1. Given a Förster radius of 35 Å and the C-beta distance between Phe93 and Val50 as r, what FRET efficiency does 1/(1 + (r/R0)^6) yield to the nearest 0.05?
2. Please give the contour-minus-distance gain from Leu60 to Tyr39: 0.36 nm per residue of separation, less the Cα-Cα distance, rounded to one decimal in nm.
Amino acid sequence: MQSTAIKKRYNKTQIALKAIMTTQSLIDQNLRLLYQTDYLAWYETTLALVKSGQRNALDLDSLGEVLEDLIRDTISSDRSYLKQIIIAINYHFLSRRASKIMIKIVI
């Protein structure tokens, strides 16, 4: 009798798990579609899911793409900023050096 109750409970658990997996699949499909059609809405939804701790509902493929783009843009931006700093330093150094040379030439 106890094994029958366990089997019934197991079957109910399996049905519940299948429902959860189906629901999760629908959420994943909706988030992917949202990412492709309305990036801002996808971003806001993803942010809300992260803040609420619903990590299982995240669209990890799209989130991975966003993070890769962010890293690539950050590196590119940092390189550009570094180039600007180097150009400014070179310009400042060369300007001071050129002015000293001009002073020596004039004197």
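Laboratory data are not the source of any read-out in this text; all were calculated from the coordinates shown. What you see is a predicted model, and the numbers here were worked out from it, not measured in a lab. Backbone-built Cβ (ideal geometry, glycine too); neighbour counts: all protein chains shown.
1. The pair Phe93/Val50 has a calculated efficiency of 0.15.
2. Taking Leu60 through Tyr39 to full extension adds about 6.1 nm, to one decimal.
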